[in-house]
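A short worksheet on the structure shown next.
The values are calculated or read from the model by the stated rules, or taken from the named source; none is laboratory data. Predicted model, so just to flag it, every value in this text is computed and none were measured. Note: ideal-geometry Cβ built from the backbone for every residue, glycine included; neighbour counts use all protein chains shown. These accessible areas exclude ligands, DNA and RNA; they are computed on the full protein's heavy atoms, side chains included. Shrake-Rupley method; radii C 1.70, N 1.55, O 1.52, S 1.80 Å.
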Amino acid sequence: MNSNKNTIKRNNSNKRIYEADYVLFLLVSSLIIISIIFSYSLSIYTVEYYGYNQFHFFIRQMFVGVMAILIMWGFSLIDPDKIVNRVGMGFFIIFFILMALMPFLPSSMVTASGGANRWIRLPGFSLSPVEFFKIGFIYFLSWSFHRRLIEVPRKIGLKQEMLLLAPYFVAFLVVVFIIAFLQKDLGQVVLLGGILFILLIFANRSYKVFVSLGVVGIIAFIGLIIAAPHRIQRIFSWWAMVQDKILSILPSWADAYLRIDELPEPYQVSHSLNAMHNGGIFGEGIGLGDIKLGFLSEVHTDFVLAGITEELGLLGLTFITLIMFLIVFRIFRISGRVENKIYHLFTIGVALMIIIAFLINSYGISGMIPIKGIAVPLLSYGGSSMLAMSIAIGLVLSISKSVDLSKKVNQQ
């Protein structure tokens, strides 16, 4: 094969088209396969409790996993100019409208959880619009930042810069209202807010904006917590677990002001930590963990990392974490080499969506932060999360076709 083996063809505009990043494809596919395996291993109690067939979750996750792999493969064959804009902007508009309409849909069409309507019930499955909206949101920011922000110099007044960013703040407040208040899903708001904040850095904005946004964001975050009793309970539950450690390093007078007695027992995180401790270095073995036997409900969803760690041990968790960070690294590698500024910002946004969600979940189940109910990308059981993530990765694979990954950066 010749030295230009990565080039496969030229399109009608004489633009060179390369092979997609199939290392990224294989890494993502490996996590999907692991998810399918543990959707069977970790769902045993839920299957017994609800009287399902023992392969109920396995079959569903395998179907979604195979579909996800095929979606990524299909997107990797398409020129990004023919698909990224259509999918990105289409998802932003369609799923924003769906989220806004959900409170008005009849109860027969929605699945409620904790008093909030987060899923649209369709024949055979439920759809979570926010999972797909995140892709559209990232694309919209990438497209709009390219048009309105990147070329604007940093050295403008704070007032001018705030006015420039005002439409994004208003749009984000609308998103916050729909997701945090109507759907009671603060975790997704934190995720989207983190993506917005970091993408502004790549959009060439000044440090004054980030200081101002940081202060406003902290105040707003506290307000959202106070506005919902169930979030306050989560904070109390988390504080019950960590207050002794934190107060032990603070001055003695702080104990009188910060210690709270009769707090709710943080049983979820306690069982999660016990499971990870029981796993040790090498794990109990696939199918031999105890956490899934009624100690935590539906371990295969939000607590999948704890369940996997118990059965595969620290080595298994390290292996999965390594794959996750390699996926993020490959996406950043594509982002750093792509010339199209919209694609550059979009791929950064997808990488941020993966890593922020992974960190929020892992920090939550280990007790470092309150639990937010964020799924582990590509690992947690759930069709909407898996399919949405595969579409996002598929778009990144499509974008990678415009990048010659065989060359070193200093050769470009």
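For the range 289-315, enumerate the residues that are in a helix (DSSP H, G or I) and without any contact (Cβ under 8 Å) to a residue 40 or more places away in the chain. Please lay out each step first, then the result.
Going through the range 289-315, the residues in a helix (DSSP H, G or I) turn out to be 304-315.
Those that are in a helix (DSSP H, G or I) and without any contact (Cβ under 8 Å) to a residue 40 or more places away in the chain: Thr309, Glu310, Leu312, Gly313, Leu314, Leu315.
In this structure, does Ile356 turn out to be in a helix (DSSP H, G or I) and crowded, with 24+ Cβ neighbours inside 10 Å?
No.
Conditions first: (1) part of a loop (DSSP other than H, G, I, E, B); (2) buried (at least 20 other Cβ atoms within 10 Å of the Cβ). Phe25 passes all but one, so which condition is the exception?
Among (1) part of a loop (DSSP other than H, G, I, E, B); (2) buried (at least 20 other Cβ atoms within 10 Å of the Cβ), the lone unmet condition for Phe25 is (1).
If you go through the range 65-80 one residue at a time, how many are assigned to a helix (DSSP H, G or I) and open to solvent by 20 Å² or more (accessible area, probe 1.4 Å)?
Step one: list which residues in the range 65-80 are assigned to a helix (DSSP H, G or I), which gives 65-76, 80.
Now drop any that are not open to solvent by 20 Å² or more (accessible area, probe 1.4 Å), which leaves 66-67, 69-71, 73-75.
Summing the residues that are assigned to a helix (DSSP H, G or I) and open to solvent by 20 Å² or more (accessible area, probe 1.4 Å) in the range 65-80 gives 8.
Restricting the search to the range 98-135, which residues are outside any strand (DSSP E or B) and at pLDDT below 80?
Ser107, Ser108, Gly114, Gly115, Pro123, Gly124, listed by residue number.
Does Ala228 meet the test of being modelled with pLDDT under 70, more than 30 Å from Asp290 (Cβ to Cβ) and open to solvent by less than 30 Å² (accessible area, probe 1.4 Å)?
So Ala228 passes the test.
State whether the residues of the range 365-381 include one that is in a helix (DSSP H, G or I) and either surrounded by fewer than 24 Cβ atoms within 10 Å (Cβ to Cβ) or of a type in the set (Gly, Ala, Ser) (or both).
Scanning the range 365-381, I find no residue that is in a helix (DSSP H, G or I) and either surrounded by fewer than 24 Cβ atoms within 10 Å (Cβ to Cβ) or of a type in the set (Gly, Ala, Ser) (or both), so the answer is no.
What do you reckon, is Gly289 open to solvent by less than 10 Å² (accessible area, probe 1.4 Å) and at pLDDT below 90?
yes
Please work out if Phe329 is surrounded by fewer than 16 Cβ atoms within 10 Å (Cβ to Cβ) and touching a helix residue (DSSP H, G or I) at 6+ places or on another chain (Cβ under 8 Å).
Here the answer is no, as Phe329 does not meet what is asked.
What do you reckon, is Leu263 in contact with a Phe, Trp or Tyr (Cβ under 8 Å, 6 or more places away or on another chain), modelled with pLDDT under 80 and surrounded by 13 or more Cβ atoms within 10 Å (Cβ to Cβ)?
Taking the combined requirement at face value, the residue satisfies it.
Determine the pairs where a residue that is free of Cβ contacts under 8 Å to residues at least 24 places away in the same chain, located within the range 30-54, has a partner that is open to solvent by less than 60 Å² (accessible area, probe 1.4 Å) with Cβ atoms under 6 Å apart, the partner being 6 or more residues away or on another chain.
Tyr40/Phe58; Val47/His56; Gln54/Val47
Would you check if there is a residue in the range 308-321 being open to solvent by 10 Å² or more (accessible area, probe 1.4 Å), within 24 Å of Phe38 (Cα to Cα) and within 15 Å of the chain's Cα centre (by Cα)?
Yes, because at least one residue in the range 308-321 is open to solvent by 10 Å² or more (accessible area, probe 1.4 Å), within 24 Å of Phe38 (Cα to Cα) and within 15 Å of the chain's Cα centre (by Cα).
Any residue at all in the range 115-126 that is open to solvent by 30 Å² or more (accessible area, probe 1.4 Å), free of Cβ contacts under 8 Å to residues at least 40 places away in the same chain, touching a strand residue (DSSP E or B) at 6+ places or on another chain (Cβ under 6 Å) and of a type in the set (S, T, N, Q)?
Of the range 115-126, the ones open to solvent by 30 Å² or more (accessible area, probe 1.4 Å) are 115, 117-119, 121-126.
Adding the requirement that they be free of Cβ contacts under 8 Å to residues at least 40 places away in the same chain leaves 121-124.
Filter once more, so that each one left must be touching a strand residue (DSSP E or B) at 6+ places or on another chain (Cβ under 6 Å): 121.
In the following step, the residues that additionally are of a type in the set (S, T, N, Q) were identified as none.
Taking every residue of the range 115-126 in turn, none turns out to be open to solvent by 30 Å² or more (accessible area, probe 1.4 Å), free of Cβ contacts under 8 Å to residues at least 40 places away in the same chain, touching a strand residue (DSSP E or B) at 6+ places or on another chain (Cβ under 6 Å) and of a type in the set (S, T, N, Q).
Tell me whether the range 324-336 contains one or more residues that are more than 16 Å from Leu26 (Cα to Cα) and among the aliphatic types (A, V, I, L, M).
Looking through the range 324-336, none of the residues is more than 16 Å from Leu26 (Cα to Cα) and among the aliphatic types (A, V, I, L, M).
Does Ser398 satisfy the criteria of being in a helix (DSSP H, G or I), farther than 27 Å from Val189 by Cα and in contact (Cβ under 8 Å) with a residue 60 or more places away in the chain?
When the stated conditions are applied, Ser398 passes them.
Given the structure, is Lys372 touching a helix residue (DSSP H, G or I) at 6+ places or on another chain (Cβ under 7 Å), among the charged types (D, E, K, R) and within 25 Å of Met276 (Cα to Cα)?
Against the criterion (touching a helix residue (DSSP H, G or I) at 6+ places or on another chain (Cβ under 7 Å), among the charged types (D, E, K, R) and within 25 Å of Met276 (Cα to Cα)), Lys372 qualifies.
Within the range 82-111, track down each residue that is in contact (Cβ under 8 Å) with a residue 40 or more places away in the chain and either open to solvent by 50 Å² or more (accessible area, probe 1.4 Å) or more than 20 Å from Ala388 (Cβ to Cβ) (or both).
Within the range 82-111, Asn85, Ile93, Ile94, Phe96, Pro103 qualify.
Asn53 versus (1) of a type in the set (S, T, N, Q); (2) touching an Asp or Glu at 6+ places or on another chain (Cβ under 6 Å); (3) open to solvent by 50 Å² or more (accessible area, probe 1.4 Å): which is the lone unmet condition?
Tallying (1) of a type in the set (S, T, N, Q); (2) touching an Asp or Glu at 6+ places or on another chain (Cβ under 6 Å); (3) open to solvent by 50 Å² or more (accessible area, probe 1.4 Å), Asn53 fails exactly one: (2).
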